[in-house]
Amino acid sequence: MDFSRVELSDEDKAFQSELRDLLSRVVTEDVIRRDRETGDNFDEGVHLALGAAGYLEREFTSEEDGGFTRVQRRIWALERRRAEVPWVTWGTTIMIARSVAKFSTPEVRDEVLRGVFDGTVRMCLGYTEPEGGSDVATCKTRAVRDGDQWIINGSKMFTTGAHNCQYVFLITNTDPDAPKHKSLTMFLVPLDTPGIEIQGIRTVDGDRTNIVYYSDVRVDDRYRMGEVNGGWTVVREPLDAEHGAVAAADDGLDDVAIMSHQAMFMAEAADNVAALVAGTGSIEDGSVAYRLGRAHARLEVALSSPSIFGRVAIAQTMRDISPDLMDIAGSVAALPIGSDGGADDRSEYVYRFAPLVGIYGGTLEVFRNMIAQHVLGMGKPNYSPPAKKVS
Ligand SMILES: Cc1cc2nc3c(=O)[nH]c(=O)nc-3n(C[C@H](O)[C@H](O)[C@H](O)COP(=O)(O)OP(=O)(O)OC[C@H]3O[C@@H](n4cnc5c(N)ncnc54)[C@H](O)[C@@H]3O)c2cc1C
């Protein structure tokens, strides 16, 4: 592994300063405050500004076709993180856009991608259902063919960003009698279609997500992606990307694991709490020094664990160290960010955020099973009751 710093060319430096300048103008205190209030993790003004500057298109496009170079791509990711750009909806949009480019008809592809690039089209993931999300293939939302259209009925849980999006990337069941991986068909459903109802849900950390109901929703066949009952082929790639099962490039210019973005909140909280106690003398207390040191050591391990291991390490570490960080910071840690008299150390936010980081995009239990099965070769877990002895 090469730990050297990347030498920025003059062109890269110019790109970085142009980006910083734009972000400092558009990601205002108002944007951050509104984002905390709504839990949207999306800001239309910022998003449109990034689209107008050409950045959204350049992230999507390969370097050969005029997109970011590898170094610019890294600068783009780090600067957005540094400026705390509300990011969730762009994350889902770009992932789905890659599937649209591959599986949609040329007509739908051109219509959708144009809007994705200028920021006017956003897309969300409609996988999880109220009865369960870990196994997305057990989908009950039905799509039934009616001439050149499909009629969709069902409901989807946790469709994050739906209220700020124009399309949902929807898994449906088109053959309930078939084996589950051969029963699925994917659609890109326009969210302004009659019969769709979006209801907001706030999570414990303040994020807003949605439950979405589909009642006799009529969708043209042109919005189908891939083959009828061939939905698994379409959804596999974005699922792998979301799970972090795609290896980071070995040039050192990718995050080592998915959820590194979320991990930075934890790193910041740990640093803030260290700064807080440094000024109070309580570091002299052996137990404070020990727990702070342990939190930082665990954090460093999590930040440097690669791929699917990092995914687990980040979420588990967040759960484990945030109570310690709050405890060390003392009573000010009970106050949310921005409160009068608070320390804005963020440990309280990380404490509420931690459970979710171990759920969305796949739960920790499911990831641990994946590691056991696919990395350690331990075979499929067997949940059947122990065989009874025949007497
Ligand atoms: C904030 C947030 C945002 C989300 N955003 C989206 C989104 O935009 N789009 C979307 O489609 N979904 C979204 N999700 C849903 C998320 O992907 C699911 O919550 C997740 O996949 C788990 O599914 P579930 O909640 O239905 O739990 P279930 O699948 O019902 O699982 C319940 C429990 O059983 C355990 N379990 C299940 N299967 C196994 C197994 N094989 N081995 C061991 N343990 C198992 C789980 O770990 C869990 O503890 C979001 C969730 C949250 C919390």
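The values are calculated or read from the model by the stated rules, or taken from the named source; none is laboratory data. The model shown is predicted, which means the values in this text are computed figures rather than measured ones. Glycine gets a Cβ as well: all are built from the backbone with ideal geometry, and neighbour counts include every protein chain shown. SASA here: full protein model, heavy atoms, side chains in, ligands and nucleic acids out. Shrake-Rupley method; radii C 1.70, N 1.55, O 1.52, S 1.80 Å.
One table, with the values for the structure above:
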| quantity | calculated |
| --- | --- |
| Count of the range 215-254 residues which are among the β-branched types (Val, Ile, Thr), touching a residue at least 60 places away in the same chain (Cβ under 8 Å) and under 17 Å from Phe367 (Cα atoms) | 0 |
| Residue that is outside any helix (DSSP H, G or I), closer than 30 Å to Gly200 by Cβ and out of contact with any strand residue (DSSP E or B) (no Cβ under 7 Å at 6 or more places or on another chain), where the choices are Phe42, Phe68 | Phe42 |
| Of all residues making up the range 197-208, the number that are open to solvent by less than 60 Å² (accessible area, probe 1.4 Å) and in a loop (DSSP other than H, G, I, E, B) | 4 |
| Matching residues, the range 111-158, being open to solvent by 40 Å² or more (accessible area, probe 1.4 Å), near the ligand (Cβ under 7 Å from one of its atoms) and among the basic types (Lys, Arg) | none |
| Matching residues in the range 209-230 - criterion: being over 18 Å from Ser104 (Cα atoms) and either open to solvent by less than 30 Å² (accessible area, probe 1.4 Å) or in contact with a helix residue (DSSP H, G or I) (Cβ under 7 Å, 6 or more places away or on another chain) (or both) | Thr209, Asn210, Ile211, Val212, Tyr214, Val217 |
| Some residue of the range 299-318 being in contact (Cβ under 8 Å) with a residue 12 or more places away in the chain, of a type in the set (D, E, K, R) and closer than 15 Å to His261 by Cα | yes |
| Contacts under 7 angstrom Cβ, first residue in the range 127-140 being free of Cβ contacts under 8 Å to residues at least 40 places away in the same chain, partner within 7 Å of the ligand (Cβ to nearest atom) and open to solvent by 70 Å² or more (accessible area, probe 1.4 Å), 6 or more apart | Thr128/Phe158; Gly133/Phe158 |
| Given (1) open to solvent by less than 60 Å² (accessible area, probe 1.4 Å); (2) more than 10 Å from the ligand (Cβ to nearest atom); (3) under 28 Å from Glu111 (Cβ atoms), index of the condition Pro194 fails | (1) |
| One residue from Trp76, Trp150, Trp90 being part of a helix (DSSP H, G or I), of a type in the set (Phe, Trp, Tyr), touching a residue at least 40 places away in the same chain (Cβ under 8 Å) and more than 15 Å from Tyr167 (Cα to Cα) | Trp76 |
| Filtered residue count, the range 99-110, keeping only those that are of a type outside the set (Asp, Glu) and either over 26 Å from Gly362 (Cβ atoms) or within 16 Å of the ligand (Cβ to nearest atom) (or both) | 5 |
| Every residue from the range 328-374 that is open to solvent by less than 40 Å² (accessible area, probe 1.4 Å), touching a residue at least 12 places away in the same chain (Cβ under 8 Å) and within 16 Å of the ligand (Cβ to nearest atom) | Val350, Phe353, Ala354, Leu356, Val357, Gly358, Gly361, Gly362, Thr363, Leu364, Phe367, Ile371 |
| Scope the range 29-43; condition touching a residue at least 60 places away in the same chain (Cβ under 8 Å) and over 18 Å from the mean Cα position of the chain (by Cα); matching residues | Arg33 |
